[in-house]
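Right, one structure below, let's go through it.
Values quoted throughout were computed directly from the atomic coordinates according to the rules given, and no laboratory measurement underlies them. On a predicted model such as this, the values are computed, not experimentally measured, just so you know. No Cβ is skipped: glycine too gets one built from the backbone with ideal geometry, and neighbour counts run over all protein chains shown.
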Amino acid sequence: MIELFKHILHLDFDWLFSNYGTAIYVVLFLVIFIETGLVAMPFLPGDSLLFTAGLFARTGHLNMSYLLMLLFVAAVLGDNCNYWIGRTIGIKIFDLKLKGRPLVKREYLDKTHEFFERHGTKAIIMARFVPFIRTFAPFAAGIGKMTYRKFLSFDILGGALWIGSLTTAGYLLGNVEFIRKHIDLVCLGIIGISVLPVLITMVRNKMETKA
């Protein structure tokens, strides 16, 4: 299992294909579900994984239709699982510790709460494109007892936009030679762009605090 996660974090699709074959669909489903559904697992490479999966669909290794449908279901189910964890267990999660250290850092929830304050209900959609906040947004919505019907509608739309845009981008750009040869750099760029809103918010907060 540790070996599998190591290759997932490095987006080593060649290893995944050679070891799992068509079961790679199950692996991708679980990665997206776990990243969006378990509040303690925000570090999985969601954005770059979607882009790379789309690229491999372009090369014929994966079926694009199956991929879009499967990952969309994973994203929505994951968010809904996280929402109900927040709604039923909520703040008790932060009392859990692993080897004397908090299993979930409260600062992540604080940043997500601030994100909600700035962007309102549309944060459910926007959070899909921001690492870490993507994992904590449904959890925060559950803790805040956001109306489930409202949460679900925004979540479905956000999931469709997130899965559709990044996977399709990988598919459309999969025939560009530079991207195929430098996928690591491209994924780093995607991660950088994804975390940019968080960095901007942090800088603004520090400037406002000093002011």
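Observations on the structure shown:
- Placing dummy labels 7 Å off each Cα toward the beta-carbon, the span from LYS105 to LEU172 is 3.5 nm.
- Relative to one another, the C-alpha centroids of segment 122-182 and segment 62-82 are positioned 11 Å apart.
- Spacing of the two label points (7 Å from each Cα toward its C-beta) at HIS119 and THR59, in nm: 3.2 nm
- The value obtained for segment 52-96, namely the Cα convex hull volume divided by the number of residues, is 76 Å³ per residue.
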